[in-house]
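Asks: This structure is in C-alpha cells; I'll ask about it shortly.
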Amino acid sequence: MIKIAKLILAIFILFSGYPVVASSFDKQIYNLISQQFSHKVDDISITYLTAKPQLSCNTPILSLLNKKKQWGNMTICAQCDNQKKFIQINVAVMGNYIVAKQAISAGTIINKDHIRIQSGWLDKLPAAVILNEADVLNHIALRNINLDESIKTTMLQKNWLVKAGQITKVIINGEGYQIETNGKTLSNGVLNDNIRVKLNSNNIVEGTLTHQGVIIFNK
C-alpha cells in the first residue's frame, strides 16, 4: 500500500507543474536563477509557464532577458549555436526581509531595537521591500511605520553626516606628520563613506568621512 501511495505521489508531482529540479536543463535554469541573488535565500521554486522548447544541444547558453528582475514571471533565452528559444517561467523565492519591531515615528533614526528579520515569500511583497538590515540601520524614517509593517526603500532617507557644499574639517595623516585644514564637500555623505572634498587651495582630495571630519592617509 505504501509503494502504491509513493507511486501516486510521484505521478502527481510529475504532471502537476510542481517545481522540481529533475533534468540537466532544469538544473541549468535553477543555477542561472540562484546566481542572481547577492543575499541568502531559503528556497527557490521555479514553475514553467510554457512548454520547454526542443533544443539542438544538451547545454544551451542561458540568459535572462531582464537581469534586474529577481522573481515573478521571467523570460529566459536558451541558445544553441545560432538558434534561440525563449522560455517563460515563474520564480518564487523564500527569504528574509525587514519589518518594524515596533511603531516607528517619522523622523526617527532607525536602530536595531526598531526592526526585526522576518521570513516569507519575497515575490509576494512589494518590489522595494528591504532585505538587508544594513540598508535600514542609521536611516531616517520619512513617515510613520506601523508595527510589523515591511520596510521599503521609499520609507527611508539616508542619515547624511554632511551634505554637498558643506564646510568640513580635513585631516591629512602622513608618515610623522598630521595636517588639519578645511574644505567643501562635493557630495552628500554618510559615516564611513569615501567622499571628495575641495580644499581652500582648490585641490580636490578624497578621504573617509568620520565624526572628526574627512580623514586622508598619505602613504
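Asks: Over 26 Å between Cα atoms, which of Lys68/Lys163; Lys101/Lys163; Lys69/Lys152; Lys158/Lys198; Lys158/Lys184; Lys69/Lys112 qualify? Numbers along the way, then the final one.
Replies: Details: Lys68/Lys163 30 Å; Lys101/Lys163 30 Å; Lys69/Lys152 17 Å; Lys158/Lys198 23 Å; Lys158/Lys184 20 Å; Lys69/Lys112 29 Å.
Pairs exceeding 26 Å: Lys68/Lys163; Lys101/Lys163; Lys69/Lys112.
Asks: Another question about this same structure. Output wanted: per-residue J couplings in Hz (rounded whole) for the range 111-128, from phi through Karplus 6.51 cos²θ - 1.76 cosθ + 1.60, θ = phi - 60°, x for Gly and Pro.
Replies: Ordered by residue, 3J(HN,Hα) equals 10, 4, 6, 8, 10, 8, 9, 10, 9, x, 7, 5, 5, 8, 9, x, 4, 8 Hz.
Asks: I've got another one for you. Could you work out how far apart the two model spin labels at Thr75 and Trp121 are, taking each label as a point 7 Å from the Cα in the direction of the beta carbon, and quote it in nm?
Replies: According to this spin-label approximation, the distance is 2.4 nm.
Asks: Report the calculated FRET efficiency for Tyr177 and Ile109 (r = Cβ-Cβ distance, R0 = 41 Å), to the nearest 0.05.
Replies: On the way: r = 36 Å, r/R0 = 0.89.
Once the sixth-power term is evaluated, E becomes 0.65.
Asks: Continuing with the same structure: Could you tell me the center-to-center distance, by alpha carbons, between the range 143-213 and the range 102-139 in angstrom?
Replies: Each part's Cα centre sits 24 Å from the other's.
Asks: Can you compute the charge dipole magnitude of the range 142-187 about its Cα centre, using +1 on each Lys and Arg Cβ and -1 on each Asp and Glu Cβ, nothing else charged? Give it in debye, rounded to the nearest 20.
Replies: Working: 6 positive and 4 negative charges, 52 e Å.
Computed charge dipole of the range 142-187: roughly 260 debye.
Asks: At a 1.4 Å probe radius, which order do Phe25, Phe86, Phe217 fall into by accessible area, largest first? Write out the running numbers ahead of the final one.
Replies: On the way: Phe25 25, Phe86 110, Phe217 150 Å².
In descending accessible area the options line up as Phe217, Phe86, Phe25.
Asks: Considering the values [x] 80, 49, 29; [y] 57, 37, 31; [z] 54, 41, 36, which represents Cα extents along the principal axes in Å as calculated for the structure under consideration?
Replies: [x]
Asks: What FRET efficiency comes out for the pair Asp148/Asn192, r = Cβ-Cβ distance, R0 = 35 Å, nearest 0.05? Write out the running numbers ahead of the final one.
Replies: Numbers: r = 31 Å, r/R0 = 0.88.
E(calc), rounded to 0.05, equals 0.70.
Asks: Still on this structure, please answer the following. Scan around Asn144 for amide H atoms under 5 Å from its own, H built in the peptide plane at 1.01 Å from N, and keep only partners 5 or more places away or cross-chain.
Replies: Sorted by chain and number, the residues that satisfy this are Ala106.
Asks: Pull out a ≥ b ≥ c, the square roots of the eigenvalues of the alpha-carbon gyration tensor of the range 73-196, then state rounded if a/c is under 1.5, prolate if not and a/b is larger than b/c, and oblate in the remaining case. Each step should come with its number before you reach the end.
Replies: Numbers: a/c = 3.13, a/b = 1.50, b/c = 2.09.
It comes out oblate by the Cα gyration axes.
Asks: Roughly how many debye, to the nearest 20, is the charge dipole of the chain about its Cα centre, given +1 on each Lys and Arg Cβ, -1 on each Asp and Glu Cβ, and no other charges? The partial results should precede the final answer.
Replies: Values: 23 positive and 14 negative charges, 79 e Å.
Around 380 debye, computed over the chain.
Asks: For Asp113, what charge total do you get from the other residues with a beta carbon under 13 Å from its beta carbon, if Lys and Arg give +1 and Asp and Glu give -1? Present the calculation step by step, with values, prior to reporting the outcome.
Replies: On the way: positive: Lys101, Lys112, Arg116; negative: Glu133.
With Lys, Arg at +1 and Asp, Glu at -1, the net is +2.
Asks: Using the alpha-carbon atoms, what tilt in degrees (0 to 90, nearest 10) does helix 24-34 show relative to the longest principal axis of the chain?
Replies: That works out to roughly 20 degrees.
Asks: Using a 1.4 Å probe and counting only protein heavy atoms, arrange Met94, Met74 so the residue with the most accessible area comes first.
Replies: Numbers: Met94 45, Met74 10 Å².
Largest accessible area first, the list is Met94, Met74.
Asks: Positive end of the charge dipole of the chain (Lys, Arg +1 and Asp, Glu -1 on Cβ, about the Cα centre): tell me which of Gly213, Leu186, Val170 has its Cα farthest that way.
Replies: Positive-most Cα among the choices belongs to Leu186.
The values are calculated or read from the model by the stated rules, or taken from the named source; none is laboratory data. Predicted model only: the values in this text are computed from it and were never measured. For neighbour counting, all protein chains shown are included, and Cβ atoms are generated from backbone atoms with ideal geometry for every residue, glycine included. To get the accessible areas, we keep the full protein, side chains included, count just its heavy atoms, and leave off ligands, DNA and RNA. Shrake-Rupley method; radii C 1.70, N 1.55, O 1.52, S 1.80 Å.
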